[in-house]
Structure formats: structure tokens, C-alpha cells
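Every read-out reported here was derived from the displayed coordinates using simple, explicitly stated rules and does not represent laboratory data. For clarity, every value in this text was computed on a predicted model and none was experimentally measured. Every residue, glycine among them, receives a Cβ derived from its backbone with ideal geometry; neighbour counts consider all protein chains shown.
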Amino acid sequence: MAAPGLTSARPPAPSGWEAQAAMLPDGRRLHLHQGPIDLVVEAFGPEAEIRAALAQAEARFAPLLGELVAELALLRAPLAADAPAPSGVVAGRMRAACLPHAGGFVTPMAAVAGAVADEVLAATVAGRRLTRAYVNNGGDAALFLAPGQALTVALGAPDGIGGGRALIRAGDAARGVATSGWRGRSFSFGIADAVTVLACSAAGADVAATLIANAVDLPGHPAIRRGPARDEAPDSDLGDRAVTLDVGPLTAAEAEAALDAGLAVAETMRARGLIEAAALTLAGRTRVAGDPRLAGPREKRP
Amino acid sequence: MDGTDANTPRKSVEKIRCDACPVMCYVAEGKTGACDRYANAGGRIVRCDPLTVLDAALEAGEAVTPFLGADWDGAPAPDERRFVTGLGAGTTYPDYKPAPFIVSREVEGAELVTVVTEAIFSYCGVKLKIDTDRHLGDETAMVRADGETVGHVTTAEYGSQMLSLGGVRHLTGGEKREGRVTCETLLALCNREAVELTIDGGATVTVQAGRPPIVDGQVESKMRVGCGSATIGMFATQWQGLADEVVVVDDHITGVVSEHQAGKEIGWPDTGIRIKGRRSTPGRYFRVAEPGKGWGGADIDDPLQILGEWNPKKGARPGLRLLMVSTTGEQHGFYVLDEDLVPRPAPLPEALRGPVSVIEENCEPALCTVLFVGGAGGSLRAGVTGNPVRLTRSVQAGETRVTCAGAPVWIWPGGGITLMADVLDLPERAFGYVPTPALVAPLEFTLSRDAYAGMGGHLGAIRPVEDVLARGGEYGAATRGVGAGPGHGPGMRWPRRG
């Protein structure tokens with residue numbers, strides 16, 4: 001059958017222009033979607049409180065992408081301490097999360113997924129009596145835990161099998177979790193299969209995971225294929241910088257060396273109080289910074 | 001250096017602006033936007049994962065009615081030739097929920113229900129049929145992609161070498177990278193992409209569904225007409241009188257016309273030829289050489305190396321004319337015995353050109369065939385009915401038809417629902433993956449509404465076709481139609497070809 005592959009005579013119905021909200025078939029989780037954003041929101045507590053909380057999430061989400069787009073140029077520019085501050089609330093979360101890292105190259109976009117999760121979570125729980133809640137933005141999640149509560153977060157590595165689980169208790173500082181790696185939806189300068197970070201906010205975890213994943217690298221290694229970010233996505237905030245396109249076979253020693261480089265960055269961030277824990281995975285090997293309970297020991301396969 | 005830096009000359013990138021959402025991404029040719037949902041395909045923004053509707057009214061390959069919600073005119077009762085496929089349907093996990101689309105439609109008076117899903121196959125693989133005589137590797141040799149073991153060489157079939165790739169042991173039983181590479185390999189093959197495979201102790205072969213295999217850099221063009229013995233049987237009469245002896249060189253069964261039954265029956269005289277190798281029956285020899293990439297799939301570049309001394313007592317004589325030819329006719333040599341009964345190369349007589357080329361003309365083009373094999377057992381069935389084993393029984397009884405994006409599948413007899421589908425019967429890029437790792441394939445179960453009710457189906461979730469087209473599903477309303485021409489799609493009849 002000579003069926004066409006990608007097919008459509010013209011741009012499809014621009015459903016992405018409208019924020020969409022729908023309960024997932026389990027009747028418990030709210031799916032919020034607009035353009036590139038997909039959030040899954042779940043709240044725990046009395047039924048009426050849950051309903052009200054999800055309504056608040058939906059209301060906050062509706063204008064959110066529009067606010068970001070209005071300042072997109074600024075948010076895509078490399079962050080300097082003296083750069084003009086954005087006016088949007090989510091943009092402000094992005095900038096605040098990235099500022100501690102502004103010594104090196106970073107744009108506020110490095111925290112966008114986490115900042116969106118933080119913002120919608122804040123709206124979800126505001127004024128509500130909930131025991132727990134989370135907003136999961138494609139793997140970058142913001143958590144709410146009432147005193148005494150705990151939540152187990154499954155940590156998915158992009159290549160799958162070996163994601164561990166992190167147990168986060170109300171007494172822990174961590175309220176955000178994020179994962180980055182070159183296989184993910186965002187570009188990376190590094191070669192980590194996955195770097196999962198727990199931090200006080202999802203935005204903070206997001207930017208830290210991005211930068212730690214960038215540092216898991218073997219500069220100049222011939223098995224690593226790189227190319228300008230702009231060729232992949234013309235308006236990438238990374239411009240002409242070379243991003244990782246493919247990683248060929250690495251020796252055990254090479255993988256260890258790359259992980260060591262990333263771990264050093266993670267430990268520095270932990271010492272500065274920017275992150276609580278991190279788990280770095282490359283070629284089936286894992287390094288953990290911080291409490292293994294938080295970073296989640298990765299499953300070992302025989 | 002990694003060739004990555006900004007100094008590398010930039011190729012110009014055709015980019016267009018997507019207006020599907022407020023982000024208004026610029027999207028480069030062949031890439032997706034920030035959402036991974038919309039892509040630039042040939043200068044147009046397209047949705048990557050629309051629900052695909054097969055429409056027998058459309059000519060195969062012709063464009064496609066977008067069937068978007070906005071355009072649906074609400075006309076009732078779309079005709080029975082329209083069939084909602086699992087492609088782009090989205091999936092549900094865990095599977096106790098109803099499948100993403102349970103669609104009812106009227107077909108020839110009987111109300112049918114199609115349960116449509118994109119099934120996640122942790123147990124799946126591909127069977128590859130590679131038309132070649134060349135030796136790709138020993139049976140059971142490991143097949144690798146990107147250095148990882150993804151399958152093995154299995155039986156050699158008539159004119160083809162079979163490989164078996166994937167399966168749960170490679171997908172989830174090995175190291176993580178092995179699983180990922182296996183998944184990528186299966187996905188690429190099922191989506192009709194070219195994949196380079198290396199076989200331990202054997203060849204490197206590039207395989208793509210519907211295309212000739214490339215063995216160690218050489219494109220295989222012809223499939224053998226038959227084994228050496230069969231070639232003798234087919235063409236012995238055409239050689240008679242033009243050559244005194246004909247040997248068809250074949251790694252499996254080399255044929256010798258003067259000894260072969262086909263020669264005997266037409267009174268072919270003995271020649272005193274002696275073939276190295278193991279004689280099976282008269283005129284049929286096994287193992288004349290080692291497997292290889294030369295003549296007839298053996299490691300033979302000079303065919304004379306398989307010949308022993310000529311015996312004058314059994315008919316060898318100076319001037320005897322010998323034709324040696326491979327099973328595809330691509331290689332051939334003509335020789336005349338000298339005074340010492342040693343074959344000397346000579347130009348092929350004009351009269352033999354026809355009989356040699358007829359071998360080649362009778363060869364079919366060499367192709368690669370990719371059959372997807374998956375087990376639709378397990379929890380997936382629960383998306384169809386609350387009583388999963390009834391679905392299995394219904395499929396086995398022929399009451400429920402299983403299709404893969406509308407393409408016919410072959411269901412293995414015995415337990416479970418183990419199906420095979422030719423990936424060329426499916427629309428392009430029908431397969432996806434999840435990082436489990438596992439393949440995602442569209443899958444439809446079609447049965448009568450009564451039967452569906454009888455097995456405890458999710459009756460409350462049934463929606464008419466027009467409603468699905470108008471409103472879409474959980475994961476969006478975009479649909480696409482692809483032509484389902486005669487012999488394709490749900491209206492397909494056996495026999496499948498010809």
C-alpha cells in the first residue's frame with residue numbers, strides 16, 4: 001500500500017491554541033494540554049477539596065502558555081545577572097531558578113518545564129485542604145506533601161528499564177523532581193542517558209538536571225555525534241551550540257570518566273544547597289549524589 | 001574531534017513556522033516542533049500521530065482527507081468501506097480501561113464493533129526473509145545491530161536466508177542497551193527503514209522491507225531460480241547438443257546434467273566428470289565447497305576448483321565442451337578439455353547465450369521481507385472485554401477478525417493471539433515504541449455487536465464511526481484517511497497475492 005506517511009493537506013485544526021483540560025480515564029488525574037505542554041495533575045484529600053483543587057489547576061493553566069510566549073525572546077536569551085527581569089510569574093520562576101547557575105551558559109528555558117509544574121501546583125493547593133498533590137510536566141514534577149505524608153516517585157530513565165524509585169517524605173526539603181538527558185525532548189550538550197535531580201522546586205531540579213547532564217560528557221570523543229541545535233530546532237535557545245545527536249558505544253572506563261565529570265558538578269550544586277540529590281545514569285552505570293533514598297537506587301538487572 | 005563545533009559548515013535548513021499553537025515554532029525539514037506532535041514534512045506542517053482511517057473509497061496512496069473535526073459535515077452513516085485503524089489511536093495502560101476507541105459500524109447489515117488500540121508489544125520481533133544465495137552466516141549465529149545482539153540466523157529457505165530478530169529475551173532479558181538497540185532495530189525495520197546488521201562470523205547485510213538486500217556492500221539483484229539440481233531439471237533439454245556437460249554450481253545442491261535423472265531421461269551420455277563434495281543422489285552433490293559469497297552461495301571464485309580428475313574410461317575426451325553456471329545465471333564459464341583432459345576456458349558459444357540467460361530471466365528480484373510477529377495476549381485483551389480469554393477464543397474461532405492498521409494478519413493456531421503481519425501491508429510509519437522497551441503497533445479487533453456483547457465487551461464505550469471522526473478520542477481529534485485499494489485493508493480477501 002503506497003500510503004502516505006505524514007499526511008495532511010494543511011495545518012490541522014489548531015487545537016493547540018486553546019488550553020485543553022480532560023480527566024484521564026481513571027477519573028482521578030487531570031490532563032492539561034496546550035501546544036508543547038502536557039501536565040498530569042492529581043490531588044489527594046477530601047473529594048470536594050480535590051474537585052476544587054483541580055478546578056484551580058485548570059484555571060491557572062488556561063492563560064499560562066500565552067504568558068510565556070509573550071516573553072519568549074527574553075527567556076531564550078543567555079541569562080546574565082544584569083539582564084532585564086521578565087514580568088510573568090512563571091518566567092520569574094524560571095529566571096530565579098537559573099540565576100544561581102548564571103556563571104556559565106544557561107538560559108531561563110532550562111527551567112521552563114519545572115517552573116510550569118511549580119506554578120500549577122501552587123495554584124492547585126492554594127487555599128485547599130489536601131494531603132498530597134503533584135503536577136507532572138512530562139517527567140518534571142512538583143510535589144505537595146502535607147505534614148506526615150510521603151510520596152514515591154518512579155524515576156524513569158529515557159531508555160527505560162532501570163528507573164528506580166525515590167521516596168520523598170514531608171520532612172525532606174525536596175519538592176521537585178526533574179530528569180534530563182540527551183535522549184529526552186530537550187537538547188543536551190552531554191551524553192548522560194538520564195540525570196534525575198531532586199530539589200526544593202521543580203524549576204530548580206529542572207535547571208540542575210540540565211546542567212549536570214551537560215557535564216556528563218567526553219569532549220571530542222569520536223563515538224559522539226553532535227550538531228548545531230539550530231539545525232534540529234531553528235529557534236532553539238541553544239543557537240549554534242553543538243548538541244548531542246547520537247552516542248555510539250563507549251568503554252566502561254569512558255562511561256565512568258563521563259559520569260565522574262557530571263558527579264563533580266552535582267556535588268558542587270549539593271554543597272551550594274541548590275539540589276538535594278541526583279542520580280546520573282550512563283550506559284547502565286549510575287552515580288548517586290546525596291541520600292540514595294532520595295535519588296532512588298536504580299534497579300539492577302541480572 | 002567530533003566534528004561538532006560551530007566551525008562545521010552549516011547545511012541550509014528549510015524551516016517553516018508552525019501555527020498549531022501559540023509557541024509558533026520554526027520547524028526544520030524533517031523535524032518536529034517543541035511539542036513532538038507536529039512536524040515539517042516536505043515544507044508542510046503535519047500532525048505526526050493522527051488517528052488513521054482506512055477508506056476504501058480512496059485510491060491507494062492518494063491523499064488524504066484530513067477528516068478533521070472542523071471539516072466533518074456530520075453526514076450520517078459513512079459507508080462501510082471506512083474503517084478506523086489503531087494507528088494514532090493512542091493507548092491505554094493499564095489495560096482494564098476500555099481501549100481508546102471502540103467503534104461500531106454497519107457492514108452489510110450486520111452491526112460490527114471494532115476495538116481499536118495501539119497495542120504495546122513487549123513480546124514481539126520480526127522474521128526477516130532475505131532473498132540471497134550468499135552465505136550470510138551459520139545457522140544460530142548471532143545477529144548484531146550497533147554491536148548489540150538483536151537476534152540470530154535461523155533456517156535457510158529456498159533461495160532465502162531467514163533471520164529471527166527481537167523477542168522478549170533481547171528486548172528485556174539482556175543488558176539495557178541491548179534492549180534499547182533491539183527495540184530501535186525492530187522499529188526501524190517495521191517502519192520500512194534500512195538497517196545494517198552484522199552476523200557473527202558472517203556478512204554485513206543491509207535490510208529494508210521491499211528492497212533488495214545489500215550483502216557486504218553488494219546489492220543482491222537476483223534470487224536463485226532454484227537449487228542446482230532443480231536448475232538442471234528445468235533447463236536440461238535447452239542445453240542438449242550445445243554442451244557435453246553442464247554443472248550448476250550451488251552451495252546447497254550442485255547439479256551435474258550427465259548424471260542427473262533429468263539428463264538420463266533424455267539420453268545424456270556420461271562424461272567422466274568428477275565432482276568434489278558429497279554425492280547425494282545421482283547428479284546431486286552436497287558441500288562442493290564452503291559457504292561463501294561467490295558462485296551459488298559457495299566460497300567459489302573459480303568453479304573449476306570443485307572438479308576432480310576427468311576419467312577417460314567413463315567418457316572424458318579431448319574437445320569435450322563444459323558449461324558451468326551458477327543458480328542465478330549471473331556467473332558462468334565455458335571450457336573445452338585439452339589433450340590432457342584439463343578444462344581450458346573458451347568463449348561462450350553464441351548458441352549457449354540464450355540458455356544461460358534464460359536462467360537469469362527466470363530469477364525473481366531479490367527482496368527483503370519483514371514480518372512483524374507479536375503476541376496480543378495478556379492484559380491488552382482486557383481493553384476489549386472484561387473477560388479476556390473469551391476474546392482469545394473468539395479470535396481462534398474466526399468470529400473476531402484481527403487486523404493491524406487494517407492490514408490482514410496471520411494468527412498462529414494454538415493458544416494465545418500470536419500474529420504476523422507483513423509490514424508492507426501497513427501504512428508507513430505505523431509502528432512506535434515505548435521505552436519499556438517495547439514496540440507499539442496498531443491493532444484492531446472486529447466482530448459483530450452481538451458477539452461483542454456476548455463476550456462481555458465494553459458496550460458502554462461503543463461509539464459510531466462518525467462520532468469518532470467528528471470528535472476524536474482521549475488524545476486528540478486529528479484523523480487521517482489513507483487509501484485502502486483493492487486487495488488491501490479490511491476488505492482484503494485471500495489469497496493475498498495474485
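Worth a mention:
- Residues A:Trp182, B:Trp410 in ascending order of nearby Cβ atoms (within 10 Å, fewest first): B:Trp410, A:Trp182.
- Listed by Cβ neighbour count within 10 Å, with the fewest neighbours leading, A:Glu254, A:Glu71 appear as A:Glu254, A:Glu71.
- Mean shadow area of the stretch B:282-359 over all directions, Cα convex hull, nm²: 5.8 nm²
- Of A:Val90, A:Leu79, A:His31, farthest towards positive along the dipole that unit charges on Lys, Arg, Asp, Glu beta carbons give the stretch A:13-122: A:Leu79
- Taking a sphere under 12 Å around the Cβ of B:Arg344 and counting the other residues whose Cβ falls inside, with K and R at +1 and D and E at -1, yields a net charge of -2.
- Near B:Leu197, once Lys and Arg are set to +1 and Asp and Glu to -1 for all other residues with Cβ below 12 Å from its Cβ, the sum equals -4.
- Fraction of alpha-carbon pairs over 26 Å apart in the stretch B:233-385 - percent: 31 percent
- Global form of the stretch A:168-256, assessed from the alpha-carbon gyration tensor, a/c cut-off 1.5: oblate
- Prolate/oblate/rounded call for the stretch B:177-270, Cα gyration tensor, a/c under 1.5 rounded: prolate
- Listed cross-link partners B:Lys31/B:Lys127; B:Lys31/B:Lys176; B:Lys129/B:Lys176; B:Lys264/B:Lys314 are compared with a 19 Å cut-off, the Cα-Cα value being larger for B:Lys31/B:Lys127; B:Lys31/B:Lys176; B:Lys129/B:Lys176.
- Förster radius 51 Å - calculated FRET efficiency between B:Asp216 and B:Arg393 (Cβ-Cβ, nearest 0.05): 0.60
- Charge dipole of the stretch B:326-450 about the Cα centre (unit charges at C-beta), most positive-ward option of B:Ala441, B:Pro347, B:Met420: B:Ala441
- Approximate spin-label separation B:Arg317-B:Glu29, in nm, with each point projected 7 Å along Cα-to-Cβ: 7.0 nm
- Test item: Cα-centred dipole of the stretch B:249-351, Lys/Arg +1 and Asp/Glu -1 on Cβ, debye: 440 debye
- For residues of B:23-29, the mean tally of beta carbons on other chains within 10 Å: 5
- Taking B:Tyr38, B:Tyr26 and counting other C-beta atoms within 10 Å, the order from fewest to most: B:Tyr26, B:Tyr38
- Simple label model, 7 Å out from Cα along Cβ direction - A:Ala170 to A:Ala264, nm: 4.2 nm
- Cα gyration tensor, chain A - rounded (a/c under 1.5), prolate or oblate: rounded
- The distance linking the stretch B:193-216 with the stretch B:389-408 is 33 Å (Cα centroid to Cα centroid, whole angstrom).
- Alpha carbon centroid spacing (whole Å) that separates the stretch B:287-324 from the stretch A:260-285: 68 Å
- Each Cα pair under 8 Å and six or more residues apart adds its sequence gap; the mean of these over the residue count of the stretch A:46-175 is a relative contact order of 19 percent.
- A Cβ-based charge dipole, computed about the Cα centre of the stretch B:156-231 with Lys and Arg at +1 and Asp and Glu at -1, lands at about 180 debye.
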